[in-house]
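See structure below.
The values are calculated or read from the model by the stated rules, or taken from the named source; none is laboratory data. Everything numeric here is computed off the predicted structure, so don't read it as measured data. Ideal geometry is used to build each Cβ from the backbone, glycine not excepted, and the neighbour counts take in all protein chains shown. Just the protein is used for accessible areas: all its heavy atoms, side chains included, with ligands, DNA and RNA removed. Shrake-Rupley method; radii C 1.70, N 1.55, O 1.52, S 1.80 Å.
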Amino acid sequence: MLEQMVDPALDRIRRVLLHERKTGLEDRAVVGGIARFVRELAARTTAGTRSHTWLTDAARRLAGYASLPSAEREQLVVQLLWEVESPKGEGTQGSPHRSRLPQGEGHQRGRHASSLPKGEGARARRVRTTPSLALQAPVGEVPGVGPKAVAALERLGVQSVRDLLYHLPRRHLDRSSFTRIADLVAGELATIFGTVWQVQTKRPPLQRLVVTDAIVQDGSGFCHAVWFNRPYFVRTLSRPGRVVFSGKVEYGYDGALQFSSPEFEFDSDSLLHTGRLVPFYAKTEGVTDKQLRAWVRAALEATADHIHDPLPAAVRAAEGLPPLGQALAQAHFPDDDGARRAAFRRLAFDELLLIQLGMLRRRREWQESQPGISMEVEPDVLNGFAELLPFALTGAQRRVIDEILADMARAVPMSRLLQGEVGSGKTVVAAAACLVAVRSGCQAALMAPTEVLAQQHHRSLSRLLAPFGVRVELVVGSRRRAEKSAVWRASAAGDVDVLAGTHALIQDEGQFAKLGLVVVDEQHRFGVRQRSALRRKGYNPDVLVMTATPIPRTLALSIYGDLDISAIDELPPGRQRVKTTLVDPQHRARAYDFLRQQVRLGRQAFIICPLVDDSDKIEARAAKVEYERLQRQFPDLRLGLLHGKMAPKDKDVVMAAFRDGALDVLVSTAVVEVGIDVPNATVMLIEGADRFGLSQLHQFRGRVGRGEHPGYCLLLSDADGTEHNPRLRVLVENHDGFALAEEDLRLRGPGEFFGTRQSGLPDLRVAKISDVAVLEAARRQAQRLSEHDPWLTAPEHAALASQVESFWRIGGEAV
């Protein structure tokens, strides 16, 4: 081995090589060039000595040095300098690419940090010295979290140690595989394990930057690692020891491979940012991933003795779930991808189990706290109702009516969800239920989210129930106070049988004489508290909630776990499919020509826009702007404008005009998604179709073709390639609302499925409602727990009961 700074010949070449680097590797360090200098120096050195052998080999490698590219010159010079300056026992003679690690240790692809060799280069096991902390302790008590960090973390919703532990990574980057420097490839992410041979700062000319440049060597070769405006890294990287670097490999300005702003750790540390699956988090200003990793690790160490698992051991064993403490640790710092998946599955299971237990408790409280009203179902009355209809009930409608009436006949309050696409006949089913309630001596209330829809229900129920002497009244916000007061007085006296309305039904002080049935339409637009407020107007009334949005099974199990579910999965006979077409922007004129042609045939059309006013942030065609433009486009047609910001009375005027045929085209926002029934409308032209969900588009489509003439749905977008949009193509090829709902849930997730946060479901940090397997496992275990311990009063379930209460109190509606 070479002796550093002992042999004068080696000292001379060391100084020449250093000068060569300092002068820009231009082969001007010595007269005649560096190759000639080394060759002559070798000739003057005593033959047979180690120095002579090494210099002879160096002269061979330096032959042609003057013609090498700059990057190759630097690689060769640094390699020679490393060999000259290697401490005793670590250098190599004539073998520049041999690893300095003992054979078989380190630098192997796929080698995980936890399997680094023992002894030199191994990461030391830390002894936990972090003070013990309770989960409810303020996050400021976590070591390293100062006042500024506390304020920044609060913006992330992190206030306690528990919040910090449940601030889970958005993703993990695999830095567990080590790559030899000789195998680095530009453009790839890589992790290396080597020695910092030299580190220095540079100031590029004409730039106000400080570049920290480290040269890293691992025995197979060398590379650079550079950072901008991090001069303190010189001191950090000057400490002895091998270092793990992780980052993206790029070509430097001189063509040499380098890491740009890599993360690094000395191998004597417990690897946190490199050499493993590394977590990355949702952040805010003043907080970095590196800080969050350090804080989370400190929190995990500090709470190791305080994480008590509320999940019964039998449940964990049945579902193969890890303990909570282990799951939290592996969710942040997993040993491998399998451990990461198992950890997130456990945490997702916890959330879904709490949802299911809360739903089951809500259902039990409603049905067992007080007896319901047993309704008397008169077959003759129902047969007479069916015979008076201008159409025959479908098989699905009859089945659903039977399910509802069976619930109403019981002394336990009904709690049922009715699903049915637009035009499937839900209103007729609701009317049958209202008739049964009235004939049993009770009153019924139907609450809708908009005045337009409430008024439509009032008209429909009045028409359907008038032959039976049923009095139907309307309560909406736009009615005069005196009118509403008169209706409420009649209701309190029992003179009103059915009351249709909006939120006014629960906001007004009016009362019912005997409310026995509550029907809530488009239920996803109401929160749990709103539905409960209407329930409290009666004495444990039966409750039927309806939706025209087909709910995917997984979502129904979660959001409506407290309800029985019925579905009208059959459209009335003769109902034609709406032909759906994708239209590229350049073919918009063709779409307009088709619309005008339909109007000339005596039909009507909708044009839907995603916004009310123009937005600088979202380039969508706003209803107001589009209405003004279309008036110029169709000067010969009668156009109307409808949007949610209009006063209720103004909306009613426009709606009545369109319904009565006084308007040819209705330009509207998504307010037409519910509440508009115009059998003469045959064209649904949707601008910005890519901005709506599949289920919402399907509901728009259901608003046309409801009469004797076929319907057409034209999907337009300002984005090129509309005709080949795969998501919209699903709508063209599929008319099954339930199948589209499943696809919509998969593509957009539950938060966007309804376009509202009014479902009453607590926020989910980990779980995905679309994860059927975990959801069904949670529901299965919730039912088992509920069967054996309905109110979770057993001592072994006390912690779980507390979790349920806290989860629903903080995240959703109180159970």
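Restricting to region 776-796, and then to whatever is over 14 Å from Gly358 (Cα atoms) and not charged (D, E, K, R), can you tell me which residue is most open to solvent (accessible area, probe 1.4 Å)?
His788
Give me the pairs: first residue in region 15-32 and assigned to a loop (DSSP other than H, G, I, E, B), second residue surrounded by fewer than 12 Cβ atoms within 10 Å (Cβ to Cβ), beta-carbon distance under 8 Å, and six or more apart or on different chains, which are they?
As it stands, the answer is Ala29/Thr23, since those pairs meet every condition given.
Give region 400-430 a look and list any residue that's free of Cβ contacts under 8 Å to residues at least 40 places away in the same chain and part of a helix (DSSP H, G or I), or say none. Show your work before the answer.
Of region 400-430, the ones free of Cβ contacts under 8 Å to residues at least 40 places away in the same chain are 401-402, 405-406, 409-410, 427-428.
Scanning region 400-430 gives Ile401, Asp402, Leu405, Ala406, Ala409, Thr427, Val428.
Would you mind stating whether Arg757 is open to solvent by 40 Å² or more (accessible area, probe 1.4 Å) and modelled with pLDDT of 90 or more?
For Arg757, the condition - open to solvent by 40 Å² or more (accessible area, probe 1.4 Å) and modelled with pLDDT of 90 or more - is not met.
For region 428-462, enumerate the residues that are open to solvent by 20 Å² or more (accessible area, probe 1.4 Å), out of contact with any Ser or Thr (no Cβ under 9 Å at 6 or more places or on another chain), within 29 Å of Met646 (Cβ to Cβ) and not polar (S, T, N, Q).
His458, Arg459, listed by residue number.
With Leu601, Leu611, Leu571 as the choices, which residue is under 31 Å from the mean Cα position of the chain (by Cα) and open to solvent by 10 Å² or more (accessible area, probe 1.4 Å)?
Values: Leu601 fails: under 31 Å from the mean Cα position of the chain (by Cα); Leu571 fails: under 31 Å from the mean Cα position of the chain (by Cα).
One residue alone meets the criteria, Leu611.
Among the candidates Leu465, Leu405, Leu388, which residue alone is out of contact with any Ser or Thr (no Cβ under 9 Å at 6 or more places or on another chain) and open to solvent by 50 Å² or more (accessible area, probe 1.4 Å)?
Values: Leu465 fails: open to solvent by 50 Å² or more (accessible area, probe 1.4 Å); Leu405 fails: open to solvent by 50 Å² or more (accessible area, probe 1.4 Å).
When all the criteria are applied, what remains is Leu388.
Cβ contacts < 8 Å: first residue modelled with pLDDT of 80 or more, restricted to region 270-281; second residue assigned to a strand (DSSP E or B) and of a type in the set (Lys, Arg), any location; separation 6+ or different chain. Result?
These pairs meet every condition: Pro279/Arg171; Phe280/Arg171.
Which of the residues belonging to region 53-95 are among the polar types (S, T, N, Q), part of a helix (DSSP H, G or I) and at pLDDT below 80?
Those that are among the polar types (S, T, N, Q), part of a helix (DSSP H, G or I) and at pLDDT below 80: Ser70, Gln75, Gln79.
Within the set of pairs 6 or more residues apart or between chains, which connect a residue that is closer than 16 Å to Ile506 by Cα and of a type in the set (A, V, I, L, M, F, W, C) inside region 478-489 to a residue that is in a loop (DSSP other than H, G, I, E, B) and open to solvent by less than 60 Å² (accessible area, probe 1.4 Å) with Cβ atoms less than 6 Å apart?
Going by the 6 Å Cβ cut-off, the qualifying pairs are Trp488/Gly510.
Condition check ((1) open to solvent by less than 30 Å² (accessible area, probe 1.4 Å); (2) assigned to a helix (DSSP H, G or I)) across all residues:
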{"site": "Leu271", "(1), (2)": "yes, no"}
{"site": "Thr284", "(1), (2)": "no, no"}
{"site": "Val287", "(1), (2)": "yes, no"}
{"site": "Lys290", "(1), (2)": "no, yes"}
{"site": "Val296", "(1), (2)": "yes, yes"}
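What is the one condition in (1) closer than 30 Å to Val234 by Cα; (2) open to solvent by 50 Å² or more (accessible area, probe 1.4 Å); (3) without any contact (Cβ under 8 Å) to a residue 60 or more places away in the chain that Gln326 does not satisfy?
(1)
Tally time: how many residues in region 661-714 are open to solvent by 10 Å² or more (accessible area, probe 1.4 Å) and more than 31 Å from the chain's Cα centre (by Cα)?
13
When residues of region 307-317 are filtered for being over 17 Å from Leu354 (Cα atoms) and surrounded by fewer than 17 Cβ atoms within 10 Å (Cβ to Cβ), how many remain? Lay out the reasoning, then the answer.
In the first step, residues of region 307-317 are kept if they are over 17 Å from Leu354 (Cα atoms); the result is 307, 317.
Adding the requirement that they be surrounded by fewer than 17 Cβ atoms within 10 Å (Cβ to Cβ) leaves 317.
The number of residues fulfilling the criteria is 1.
For region 312-371, please list each of the helices (runs of 4 or more DSSP H) lying entirely inside it that holds at least 1 residues being among the charged types (D, E, K, R) and within 16 Å of Ala782 (Cα to Cα). Explain how you work it out, then say what you get.
Working: elements: 313-319, 324-332, 337-368.
The helices (runs of 4 or more DSSP H) meeting that bar are 313-319, 337-368.
Considering only residues of region 232-259 that are out of contact with any Asp or Glu (no Cβ under 8 Å at 6 or more places or on another chain) and of a type in the set (S, T, N, Q), which is most open to solvent (accessible area, probe 1.4 Å)?
Out of the qualifying residues, it is Ser238.
Val625 - would you say it is surrounded by 19 or more Cβ atoms within 10 Å (Cβ to Cβ), outside any loop (DSSP other than H, G, I, E, B) and either modelled with pLDDT under 85 or out of contact with any Cys (no Cβ under 7 Å at 6 or more places or on another chain) (or both)? Give the steps one after another, and end with the answer.
Details: surrounded by 19 or more Cβ atoms within 10 Å (Cβ to Cβ): no; outside any loop (DSSP other than H, G, I, E, B): yes; either modelled with pLDDT under 85 or out of contact with any Cys (no Cβ under 7 Å at 6 or more places or on another chain) (or both): yes.
Criteria not met by Val625.
Any residue at all in region 475-491 that's closer than 29 Å to Lys645 by Cα and buried (at least 24 other Cβ atoms within 10 Å of the Cβ)? Steps first, please.
First pass over region 475-491, keeping only residues closer than 29 Å to Lys645 by Cα: 475-488.
When the remaining residues are screened for being buried (at least 24 other Cβ atoms within 10 Å of the Cβ), the result is 475.
Yes, because at least one residue in region 475-491 is closer than 29 Å to Lys645 by Cα and buried (at least 24 other Cβ atoms within 10 Å of the Cβ).
If a residue must be more than 12 Å from Val196 (Cα to Cα), of a type outside the set (A, V, I, L, M, F, W, C) and touching a strand residue (DSSP E or B) at 6+ places or on another chain (Cβ under 8 Å), how many such residues does region 232-266 contain?
So the answer is 11.
Going through Arg44, Arg73, Arg39, Arg50 one at a time, which residue ends up being exposed (fewer than 15 other Cβ atoms within 10 Å of the Cβ) and of a type in the set (Lys, Arg)?
Numbers: Arg73 fails: exposed (fewer than 15 other Cβ atoms within 10 Å of the Cβ); Arg39 fails: exposed (fewer than 15 other Cβ atoms within 10 Å of the Cβ); Arg50 fails: exposed (fewer than 15 other Cβ atoms within 10 Å of the Cβ).
Exactly one of Arg44, Arg73, Arg39, Arg50 is exposed (fewer than 15 other Cβ atoms within 10 Å of the Cβ) and of a type in the set (Lys, Arg), namely Arg44.
I'm told Arg162 meets every condition in (1) modelled with pLDDT of 90 or more; (2) assigned to a strand (DSSP E or B); (3) open to solvent by 40 Å² or more (accessible area, probe 1.4 Å) except one. Can you identify the failing condition by its number?
(2)
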